[in-house]
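Following: one structure in structure tokens, then a few remarks.
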Amino acid sequence: MSYFYLAFAIMFEICGTTCMKLSEGFTKPLPSILIFMFYGISFIAFTIALKKIDVSVAYAIWAGLGVAMISLIGHIGFNEPMPLVRIASLTLIALGVIGLHLSTSVN
């Protein structure tokens, strides 16, 4: 169940970050308000997930998947470039997150 809360936290963190872009520097009211709502929900879910998941692993998954998904959203939704270096870097982040997750099952 903790990983469900972590996935929930990641999803809302991604929504909050996307709203940051959509708010255009807090000039658009609805996305500006949604930033705080989405991040609030994200932090609550993340805190619940930390009851059963090591903070080092949970944060790496949260941050790593958040960065990867925001990069994809930026590329698809906002026409940001996706050069090979960015793809390779995102792959390394994913491998690091997987490594951290696997390290907890070794203990």
TODO: Search region 78-105 for residues that are within 14 Å of Ala68 (Cα to Cα) and without any contact (Cβ under 8 Å) to a residue 12 or more places away in the chain and pair each with any residue that is surrounded by 14 or more Cβ atoms within 10 Å (Cβ to Cβ) and not charged (D, E, K, R) when their beta-carbon atoms are under 7 Å apart and the residues are at least 6 apart or on different chains.
DONE: Glu80/Gly74; Met82/His75
TODO: Run Val97 past the list (1) part of a helix (DSSP H, G or I); (2) surrounded by fewer than 12 Cβ atoms within 10 Å (Cβ to Cβ) and report the number of the one that doesn't hold.
DONE: (2)
- [ ] List every residue pair whose Cβ atoms lie under 8 Å apart, where the two residues are 6 or more positions apart in sequence or sit on different chains, the first residue falls within region 46-66 and is without any contact (Cβ under 8 Å) to a residue 24 or more places away in the chain and within 14 Å of Tyr3 (Cβ to Cβ), and the second residue, located anywhere, is surrounded by fewer than 20 Cβ atoms within 10 Å (Cβ to Cβ) and among the charged types (D, E, K, R).
- [x] none
TODO: Answer yes or no as to whether Leu6 is under 14 Å from the mean Cα position of the chain (by Cα), part of a helix (DSSP H, G or I), modelled with pLDDT under 95 and not small (Gly, Ala, Ser).
DONE: no
- [ ] Keeping to region 1-47, report how many residues are charged (D, E, K, R) and crowded, with 17+ Cβ neighbours inside 10 Å.
- [x] 1
- [ ] Specify the residue that is surrounded by the most Cβ atoms within 10 Å (Cβ to Cβ); the eligible residues are those in region 51-94 that are outside any helix (DSSP H, G or I) and touching a helix residue (DSSP H, G or I) at 6+ places or on another chain (Cβ under 9 Å).
- [x] Ile53
Open item on the list: Regarding region 18-25, can at least one residue be identified that is within 12 Å of the chain's Cα centre (by Cα) and not acidic (Asp, Glu)?
Closed with: yes
Task: Residues that are over 13 Å from the mean Cα position of the chain (by Cα) and part of a helix (DSSP H, G or I), drawn from region 26-38 - done: Pro29, Leu30, Pro31, Ser32, Ile33, Leu34, Ile35, Phe36, Met37
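The values are calculated or read from the model by the stated rules, or taken from the named source; none is laboratory data. Not measured: the values here are computed from a predicted model. Here Cβ is always computed from backbone atoms with ideal geometry, including for glycine, and neighbour counts include all displayed protein chains.
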